[in-house]
1. Starting from the stretch 271-285, keep only residues that are among the charged types (D, E, K, R), then list their pairs with residues that are exposed (fewer than 13 other Cβ atoms within 10 Å of the Cβ) whose Cβ atoms are within a distance under 7 Å, requiring at least 6 positions of separation or different chains.
2. Going through the stretch 284-319 one residue at a time, which ones are surrounded by fewer than 18 Cβ atoms within 10 Å (Cβ to Cβ), within 30 Å of Glu75 (Cα to Cα) and aliphatic (A, V, I, L, M)?
3. Out of the strands (runs of 3 or more DSSP E) lying entirely within the stretch 58-113, which hold 3 or more residues that are of a type in the set (Ser, Thr, Tyr) and either at pLDDT 80 or above or surrounded by 13 or more Cβ atoms within 10 Å (Cβ to Cβ) (or both)?
4. Search the stretch 212-235 for residues that are surrounded by fewer than 21 Cβ atoms within 10 Å (Cβ to Cβ) and pair each with any residue that is at pLDDT below 90 and of a type in the set (S, T, N, Q) when their beta-carbon atoms are under 8 Å apart and the residues are at least 6 apart or on different chains.
5. Is it the case, given these coordinates, that Ala320 is out of contact with any Gly (no Cβ under 8 Å at 6 or more places or on another chain), modelled with pLDDT under 95 and small (Gly, Ala, Ser)?
6. Just name the residue that is surrounded by the most Cβ atoms within 10 Å (Cβ to Cβ) out of those in the stretch 320-345 that are among the β-branched types (Val, Ile, Thr) and within 19 Å of Asp276 (Cα to Cα).
Amino acid sequence: MSTKRTTNLITLTVLATVGSTLMAAPAHAASAPMTPDHPIGTTVPPLTSDGVTGLTGMDQTTLADGQTYPLRFREPDPSTGKVLPPAVIGEVQMAVSTSGRTDAGTFLPTIGPKFNNAEQTPVGQVYADSWTVFNNEGSATYTFDFSGLQGGALPAGAVLAFNDVDVCRDGASESAQLSSDVAGSWLDYRADTGSGTPGAVTVDAETGQVDISSVCPAGANGVTQTFTTNTEISDLTITLNGSSPNTTPMSGLWWAFELPLEEVAPAITMEKFTNDHDVTEAPGPEIVIDSAVAWTYRVGNAGNTHLTEVAVTDDQVDGADIVCGDGGNVIALLAPGESVTCVANGTAIDGPYMNTAMAVGAPADSTGAARPDLETVSVSDASWYTGVPAAVTPVVPTDGRPGGELARTGAELWASVGGALALLAGGAAFLLVRRRNA
């Protein structure tokens, strides 16, 4: 084989190998632009009915690098008639990490500014959950762990609002990145509000990371961009990138949460058991007089508010004899979906018996604070039993024999009679023979 032909074969082999490798390699999906459902200039529907939810847990605090903060979602005002969904009740852990020359990352849950300064308010009077300030290039990353919530995740329909990510002066640039534990689609681009031209928003179809970048339009006062989760997420990472060096004035980046709320609906349930029987009508089970009888009261919160000072009583049992949990007949706090079992003990009495138990609780918010605008809720459940004498052991009669020998059975009597008749017959035959021989 000639050298030229050998070289050509090697070249073809290499090209074929490279070609097959390129064909086999998965193509990485490029980031795609996202378009809001409601751009600037259009009417944006309210995000929630009251716009007062968001993360809280501390007063104005400068967040320190490397620290983790416990937070919770703020209760809506009682005047709204709404409550947080039980699934989002609980604790959220937020870890903070900064890099570069970040002056301050300030968390403002209750006394901070609202989205109502140079920007258009995106949701009623919502407070900014965080206002991160930079006087030079740098970044701040907030990582949220939602596993401590009752539902174990941030639900679908939760709104993330970002403000000032496109405020640019003197050539500054600001941006934000959002990512979660869900790959692919997890966030929808909902709306732009405010003044100016919003920055570009793109999403990586493979990783699900959303990038928000600025376009620095002249005279822009700020645009608030809102996004909605379209699935549950267990964690969330928000990274805010600050302005270019020597920018004056300092730049600020804000973010906030909104949640879908529920109409307030407190409710309580109770199941009463007598000796483990769920008795729904008379006469109930038979219980021997003077024997032990136990009543069990299973009290549950079937509503969407907490219940406080839940008192369990029984019209035939002293309240001091009813024990719920660690003691006493009052349950201090009962969360939505939670249940507590109470017990009481007594002694069965003669004849038909009926007693009725009742549980009464006062609605409260997720912090345990009373909701005086809501009436108490109550439930009752009756139970029955019938007290009967102890069973008497039957006594078997005897025939008066010593030692209390048992009376003979019919078979034994017939055997005795048969024996006697045989003896009599034998005696009669003997006498007859003697007479003949005489």
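The values are calculated or read from the model by the stated rules, or taken from the named source; none is laboratory data. Keep in mind that what you see is a predicted model, and the values were worked out from it rather than measured. Because the Cβ atoms are built from the backbone with ideal geometry, glycine has one as well, and the counts that use them run over all protein chains shown.
1. Glu271/Asp278
2. Ala302
3. Numbers: elements: 68-73, 92-100, 104-107.
Qualifying strands (runs of 3 or more DSSP E): 92-100.
4. Short answer, once both residue conditions are applied: Ser213/Ser173; Ser213/Ser175; Val215/Thr197; Cys216/Ser173; Pro217/Thr197; Asn221/Ser195.
5. On the way: out of contact with any Gly (no Cβ under 8 Å at 6 or more places or on another chain): yes; modelled with pLDDT under 95: yes; small (Gly, Ala, Ser): yes.
The answer is yes for Ala320.
6. Within the stretch 320-345, the first condition is being among the β-branched types (Val, Ile, Thr), and the residues that meet it are 322-323, 330-331, 340-341, 343.
Narrowing the set further to residues that are within 19 Å of Asp276 (Cα to Cα) leaves 322-323, 340-341, 343.
Working: Ile322: 21, Val323: 16, Val340: 18, Thr341: 14, Val343: 13.
Filtering first and then ranking leaves Ile322.
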